[in-house]
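Please read the structure below before turning to the comments.
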Amino acid sequence: PMTATWRNTEVLVGEAADTVAELKKRTDGEIITQGSSNLIHTLQQAELVDEYRLVISPVVLGQGKRLFAEGTAAAGLKLTGSRTTGSGVVYVTYEWTGKPLLGSLSEDA
């Protein structure tokens, strides 16, 4: 079996959605992944993502990988935190709320 050298890290083996679902059941605390759009898409489809922590840079590249791939099921997100740096970088945290409420963009929605 593979072992991780980082503290508080576990190497998961097997089908991603199944192994992460099992890890969530036996873990008290946060499970974090970063940098793997394929893994995130798999976890999104299985509704295993509870929170998104995004870093938004004031740069338009015009291309790149999408966070929400085409065909991703609609999901409601609630803003739970935000911070903007002096250079315009925005850190936001969204909590997954389940199925989205559609039809209004009002401040109260």
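The values are calculated or read from the model by the stated rules, or taken from the named source; none is laboratory data. Quick caveat, the model's predicted, so the values are computed rather than measured. Cβ placement follows ideal geometry from the backbone for every residue including glycine, while neighbour counts extend to all protein chains displayed. Quick note on the areas: whole protein, heavy atoms, side chains included, nothing else; ligands and nucleic acids left out. Shrake-Rupley method; radii C 1.70, N 1.55, O 1.52, S 1.80 Å.
So how much accessible area does ASP50 have, in Å² to the nearest 10, using a 1.4 Å probe?
That residue has around 90 Å² of solvent-accessible surface.
Hey, what's the chain come to in accessible area per residue, 1.4 Å probe, Å²? Can you show the working numbers first?
Working: 9090 Å² over 109 residues.
Result: 83 Å² per residue.
Specify the inter-centroid distance of the stretch 68-102 and the stretch 13-32, based on alpha-carbon positions, in whole Å.
Cα centroid of the stretch 68-102 versus Cα centroid of the stretch 13-32: 22 Å apart.
Each label point is 7 Å from the Cα along the Cα-to-Cβ direction; what then is the distance between the points at ALA4 and THR85, in nm?
Rounded to a tenth, the inter-label distance reads 2.5 nm.
Relative contact order of the chain: what whole-number percent is it, with Cα pairs under 8 angstrom and at least 6 residues apart? Walk me through the numbers on the way to the answer.
Working: 109 pairs, mean separation 24.0, N = 109.
22 percent.
Could you check how much of the accessible area of the stretch 16-97 is carbon and sulfur, as a whole percent, using a 1.4 Å probe? If you can, show how the numbers build up before the last one.
Working: 3040 of 6100 Å².
After summing per-atom areas, the C and S share lands at 50 percent.
Which cross-chain or sequence-distant (5 or more) residues have an amide H under 5 Å from the amide H of LEU77, H modelled 1.01 Å from N in plane?
Long-range HN contacts for LEU77: THR97.
Do any GluC sites (Glu not before Pro) in the stretch 14-109 lie in a DSSP loop with no more than 12 other beta carbon atoms within 10 Å, and if so, which?
Working: sites: GLU15, GLU22, GLU30, GLU47, GLU51, GLU70, GLU95, GLU107; in loops: GLU15, GLU30, GLU47, GLU70, GLU107.
For GluC sites (Glu not before Pro) across the stretch 14-109 that sit outside H, G, I, E and B with at most 12 neighbouring Cβ atoms in 10 Å, the list reads GLU15, GLU30, GLU70, GLU107.
How long are the three semi-axes of the equivalent ellipsoid for the chain, computed from the Cα gyration tensor as the root of 5 times each eigenvalue, in whole Å, largest first? Write down the numbers at each step before the final one.
On the way: eigenvalues 146, 72, 46 Å².
With the √(5λ) rule applied to the chain, the semi-axes are 27, 19, 15 Å.
Which ³J(HN,Hα) values in Hz, rounded to whole numbers, follow from the phi angles of the stretch 76-86 under the Karplus curve 6.51 cos²θ - 1.76 cosθ + 1.60, where θ = phi - 60° and Gly and Pro get x?
Per residue, the Karplus-derived 3J(HN,Hα) values read x, 10, 10, 5, 10, x, 7, 8, 10, 7, x Hz.
With all protein chains present and a 1.4 Å probe, how do THR42, THR5 order by accessible area, largest first?
On the way: THR42 45, THR5 135 Å².
Result of the area sort, largest leading: THR5, THR42.
Near LYS78, which lysines are there with a Cα under 19 Å away, not counting those fewer than 8 places off in the same chain?
Partners found: LYS99.
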